[in-house]
Amino acid sequence: MLYSVKMRSAKGGAHELGGKHISGAERIVNQEEIERSVQAMIERAFQHERGCADFINLKIEQIVPQNIVYIRQLAISTLAADTMLSGRNAAVEKLINSGVTKAAALSGIEQLAGLSESMHGAMLLSSTTGQRLDAAAQRGIRVSNMDVADLPAYRMVLRNCGLLDMHVREAVVLASKVQSAAGVIAELCWSDDLTYTTGYVANKSGYYRIPHLKLLNSPNGGRAFFIKPDTNIEVLVSYLENTPVLIRPQEKVGCNLCKN
Ligand code: PML
């Protein structure tokens, strides 16, 4: 039997009472792995570069096996960019290649860069106008209930690409789930962790890492999902937030440095 294990931590009290978000993590694991997962999550909450949490919320729930959806991991590539400007230009180009209009791509960059506070979840943006389509305000849409089906195989894929960082490990899983959803065309993301400037664009054909999408020491980060304007938002949000998804690692995944 599999279990969903989730952690969210804050400083200055619970999130609901105004505490500052420090970190979050989730796994889908066997019963024997629960304790080890919880321990790793607690360590993460106490040792995060955003601060030491004074509030930690843990949730453990059994998952009904019949409800699990299995999907393929997105192939990983890295685009060339040595400044934030060239990184954001590369992101716009990749979003346009994915089917997002130039206006919507630029608007997505502007909306992420203009956040006064990082969002915990993602914005849903129209892929034609860039207009915000969800009503989740600062909370955003929280993609949840996902993990890899075979962790050792996934670690091997990442190791073969020279990618050992936890940011990549978790982001590829999240991006793979997002791209498996009906109505989603592309995703743009960069981290709110101060020293992590690499972000990505994901679309149905891959996960494209971009080395500089924000400046060093900027606390600003978030995610934007570009969706077809006629998408049923309620169905999409329910899939992203609630459906348990396990990602099958791709053995022959690409991890090349490419220019487009
Ligand atoms: C996050 O912190 O949630 C965003 C992580 C972006 C990872 C980009 C990468 O290195 O591939």
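Here are the numbers for this structure:
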| item | result |
| --- | --- |
| Flag for E61 being over 24 Å from A202 (Cβ atoms), in contact (Cβ under 8 Å) with a residue 12 or more places away in the chain, among the acidic types (D, E) and out of contact with any helix residue (DSSP H, G or I) (no Cβ under 8 Å at 6 or more places or on another chain) | yes |
| Residue within region 116-129 that is over 23 Å from L79 (Cβ atoms), at pLDDT 95 or above, crowded, with 18+ Cβ neighbours inside 10 Å and not basic (K, R) present | yes |
| Index of the failed condition, Q111 passing every other in (1) touching a residue at least 40 places away in the same chain (Cβ under 8 Å); (2) surrounded by 16 or more Cβ atoms within 10 Å (Cβ to Cβ); (3) within 27 Å of Q73 (Cα to Cα); (4) of a type in the set (S, T, N, Q) | (3) |
| Near pairs, Cβ below 9 angstrom, 6+ apart or cross-chain, from region 178-205 (more than 14 Å from G87 (Cα to Cα)) to any residue that is surrounded by fewer than 23 Cβ atoms within 10 Å (Cβ to Cβ) and among the aromatic types (F, W, Y) | S180/Y239; A181/Y239; A182/Y239 |
| Any helices (runs of 4 or more DSSP H) falling wholly within region 144-258 and containing at least 1 residues that are more than 18 Å from S23 (Cα to Cα), among the basic types (K, R) and within 16 Å of the ligand (Cβ to nearest atom) | 151-160, 166-179 |
| Filter result for the condition that a residue is in contact with a Pro (Cβ under 8 Å, 6 or more places away or on another chain), touching a residue at least 12 places away in the same chain (Cβ under 8 Å) and not charged (D, E, K, R), over N242, N145 | N145 |
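The values are calculated or read from the model by the stated rules, or taken from the named source; none is laboratory data. Treat the numbers as computed from the prediction; the structure is a model and nothing was measured. Using ideal geometry, Cβ is built from the backbone for each residue, glycine included, and neighbour counts are taken over all protein chains shown.
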